[in-house]
Amino acid sequence: KSCQTGKISTAAAAVQSHTVRDVGVQTDQSKDAVQDLQQEAQVDYTGLLSFLQRVENAVIKELNKNWKSHAFDGFEVSWTEQNETVVCLHTLSYPEARERKLQVTSVSWNATGSVVACSYGRLDGGDWSTEKSYVCTWNLDRRGLNPQCPDLVVDVPSSVMCLAFHPAQPSLIAGGLFSGELVVWDTSRTEDPVIWRTGMTDDTHTDPVYQVNWLPDTRHRNQSRLLSVSTDGKILVWREERGGRLALAEGFAMVAQQIPCSARLKKFAWGEAAVGVTSLSFSHFDPRVFVVGVEGGYSLKCSTVAETLALPRTASAVPLRAPAELAFAPHGGPVYSVSCSPFHRQVLQNLFLSCGTDGQVHLHSLLQTQPLASLQLSKKYLFCVRWSPVRPLVFAAASGEGKSAINVPVSAGDVHLLDLEKSSQKPALSIKQDAGGGPVYCLEFNTKQTQLLAAGDATGTVKVWQLSSDFTEQGPRELNLLEQLASETTD
């Protein structure tokens, strides 16, 4: 047996009125209402004063309690929209640089967080000192942004190995060249943007410059100084002079014999051999303290107030000092990047990250030689590591291998995002920068628009990633968790 309802009849009909009429309604203002508005409000000042006097002590007590409270330490209001995934907002490149197979060697955000710059050069071996290269900038807030057409292209006669925008003046950018020179460009001057340079003198680096930093000039508030590091073992500080010249103000030299005895550098015999410096990061809280990474696999704590002279007698215009104070446990190969903690609490001020060719990131305290944690992020080289400016437990690392002088096989590079709150052993997310490309050589968080991360690779492309809120919104106990990790291991 079966049961079936009867057929249901349906019909469609439309209803539309035939006539339309608009009617407006407005009340008339009465004379009494106008007079009421014009009369001055009556305030009982005696009663108001009596009330304020009664509650004054209670209000001050609560204000003092709130002022001393740590309930909202580390909390920052996020005005950005919530997003759940990491997406690529922009894929930027300069066609002429890609045609010549130039690589992105460095990226930097300007002081407003709206302009990203990249430098082009070579990091895969060979003598590229005479090969023309470029510095390019894009304003991401510009209407009609063309990702294949930079807002500014600066032709440079030598490969540019590193870049750094001025921390306060959005149009100034400094670069270090393969030739050992430093150049400062003013991006607001399109005709001749070069405003300062070191030139080739006895003071100039004899190896490529792998990092450049802006330093505040404590004597002249309106001026800045530049610091450069190179694999010639020198860390040099430059000051502005008339005529567009950068003159050597002070300097340091990393010499194997003067590195603390806890380190046994593999690459150099003990003596007056120079130790190649690959990277540097200043403490955000003590301008006298900085950390360097060296080719021998070590990270070294250094001081700008060191007084011991370096052993080699050079023709430098100023005496070079030996800054190393402490050597940390080594990586399995050269250290390519170091990054000091930007967070304020006492224990966290002493933390820094390092990475290198062994694919590991070390979390270190400046107070002890052994790492607090060693994280095997990749089987490939790690070329760059950066601490998140807003989340204490998050950092990013750039990885990959390319065809180099020792014929390392080509492998696509990744941008790794690690969240120690989720896992201390593996990345929370690994993003393929380009499926058919080479290594990712550089990356930088945007400290103004904190959801943005720029990464540059060997194919000549810069990708701007928009991070999900998971990576940009600090949890209520995040600072405490990192502090606990640092304290437990230190103890």
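Listed values, structure above:
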read-out: Selection status of Trp185, in a strand (DSSP E or B) and surrounded by fewer than 22 Cβ atoms within 10 Å (Cβ to Cβ); value: no
read-out: Top-ranked residue of the range 350-368 - restricted to ones that are open to solvent by 10 Å² or more (accessible area, probe 1.4 Å) and not in a strand (DSSP E or B), ranked as nearest to Val394 (Cα to Cα); value: Asn350
read-out: Residues of the range 460-480 satisfying the condition of being of a type in the set (Phe, Trp, Tyr) and in a helix (DSSP H, G or I); value: Phe471
read-out: Residue within the range 153-167 that is farther than 24 Å from Thr204 by Cβ, open to solvent by 40 Å² or more (accessible area, probe 1.4 Å), out of contact with any strand residue (DSSP E or B) (no Cβ under 7 Å at 6 or more places or on another chain) and among the hydrophobic types (A, V, I, L, M, F, W, C) present; value: no
read-out: Thr489 under 21 Å from Leu353 (Cα atoms), surrounded by fewer than 18 Cβ atoms within 10 Å (Cβ to Cβ) and modelled with pLDDT of 85 or more; value: no
read-out: Subset of the range 179-196 (residues that are within 16 Å of Arg242 (Cα to Cα) and of a type in the set (Val, Ile, Thr)); value: Val183, Val184, Val194, Ile195
read-out: Residue within the range 146-153 that is over 24 Å from Thr91 (Cα atoms) and in contact (Cβ under 8 Å) with a residue 24 or more places away in the chain present; value: no
read-out: Pair list, Cβ < 8 Å and 6+ apart or interchain, from the range 249-263 residues that are over 15 Å from Val291 (Cα atoms) to residues that are among the aromatic types (Phe, Trp, Tyr) and at pLDDT below 75; value: Ala256/Phe268; Ala256/Trp270; Gln257/Trp270
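The values are calculated or read from the model by the stated rules, or taken from the named source; none is laboratory data. Predicted model only: the values in this text are computed from it and were never measured. All Cβ positions, even for glycine, are placed from backbone atoms using ideal geometry, and neighbour counts span all protein chains on display. Ligands, DNA and RNA are excluded from the accessible area calculation, which covers all protein heavy atoms including side chains. Shrake-Rupley method; radii C 1.70, N 1.55, O 1.52, S 1.80 Å.
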